[in-house]
Amino acid sequence: MLLKWILVILHIITAAAWFGLGLRLTGQARTVLEKDGDAQRALADDGQRSVWLMTIFIVLTLVFSISAFIAGGHFDTYGPVYHSAVTLIVLLTLVQLFVIRPGWNALQSAVDAADRDALESAKSRVAIGTGVGHLLWLVLLVLMFANRLVGVA
């Protein structure tokens with residue numbers, strides 16, 4: 001049982017880290033658009049590090065979630081709310097891997113090519129991906145406490 005709680009705590013920490021890094025990512029993309037030259041390239045590189053950390057944290061969130069699920073008793077213990085939450089974590093991981101990360105890679109390529117239209121498009125993809133990711137994250141947060149909230153009412 002101790003292992004399950006350690007995994008849950010690690011799950012919460014990595015999910016919070018993903019959320020926090022994502023809060024600044026759209027602003028970073030907007031700032032990249034406002035700058036030119038070396039400053040733009042440096043900001044794009046800094047954003048790339050944020051995206052890389054976000055990718056690591058969301059994958060770890062998924063791993064810790066599934067590990068806690070296994071350590072806590074598998075399908076017999078958890079109901080449909082938990083299974084919905086795990087599905088949304090998988091979806092959030094896919095948003096990170098196939099929307100946010102490629103969006104930032106496109107932004108960085110646009111910086112290197114000095115292509116203003118591609119830069120604007122990539123910024124939009126990063127912003128949309130991050131917004132969708134944060135919405136999924138908030139729904140997940142509600143689902144994690146849904147059983148406790150229903151019991152109180």
- Scanning region 91-100 for residues that are closer than 13 Å to H134 by Cβ and out of contact with any Leu (no Cβ under 9 Å at 6 or more places or on another chain), which turns out most open to solvent (accessible area, probe 1.4 Å)? V99
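Being assigned to a helix (DSSP H, G or I), in contact with a Lys or Arg (Cβ under 6 Å, 6 or more places away or on another chain) and either over 19 Å from L141 (Cβ atoms) or without any contact (Cβ under 8 Å) to a residue 40 or more places away in the chain (or both) is the requirement here; does A42 meet it? So that I can check it myself, show each step before the final result.
Details: assigned to a helix (DSSP H, G or I): yes; in contact with a Lys or Arg (Cβ under 6 Å, 6 or more places away or on another chain): no; either over 19 Å from L141 (Cβ atoms) or without any contact (Cβ under 8 Å) to a residue 40 or more places away in the chain (or both): yes.
No: the conditions fail for A42.
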- Message: Being assigned to a helix (DSSP H, G or I), open to solvent by less than 70 Å² (accessible area, probe 1.4 Å) and in contact with a Lys or Arg (Cβ under 6 Å, 6 or more places away or on another chain): is that true of G103 here?
- Response: yes
- With respect to A68, is the statement that it is open to solvent by less than 40 Å² (accessible area, probe 1.4 Å), part of a helix (DSSP H, G or I) and closer than 23 Å to G20 by Cα true? yes
- Unique residue being surrounded by 14 or more Cβ atoms within 10 Å (Cβ to Cβ) and assigned to a helix (DSSP H, G or I) when the list is L88, L138: L88
- Note on the structure: Apart from one, (1) surrounded by 13 or more Cβ atoms within 10 Å (Cβ to Cβ); (2) closer than 30 Å to A114 by Cα all hold for A15; the odd one out is (2)
- Working only within region 78-127, note down all residues that are closer than 17 Å to S50 by Cβ and under 11 Å from the mean Cα position of the chain (by Cα). L92, T93, V95, Q96, L97, V99, I100, R101
- Which members of region 68-99 meet the condition of being more than 18 Å from L143 (Cα to Cα) and either touching a Phe, Trp or Tyr at 6+ places or on another chain (Cβ under 9 Å) or in contact (Cβ under 8 Å) with a residue 40 or more places away in the chain (or both)? A71, V95, Q96, L97
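The values are calculated or read from the model by the stated rules, or taken from the named source; none is laboratory data. Given the structure is predicted, the values throughout are model-derived calculations rather than measurements. So basically every Cβ, Gly included, is an ideal-geometry build from the backbone, and we count neighbours across all protein chains shown. The protein model used for the area step is the full one, side chains on, heavy atoms only, and it has no ligands, DNA or RNA in it. Shrake-Rupley method; radii C 1.70, N 1.55, O 1.52, S 1.80 Å.
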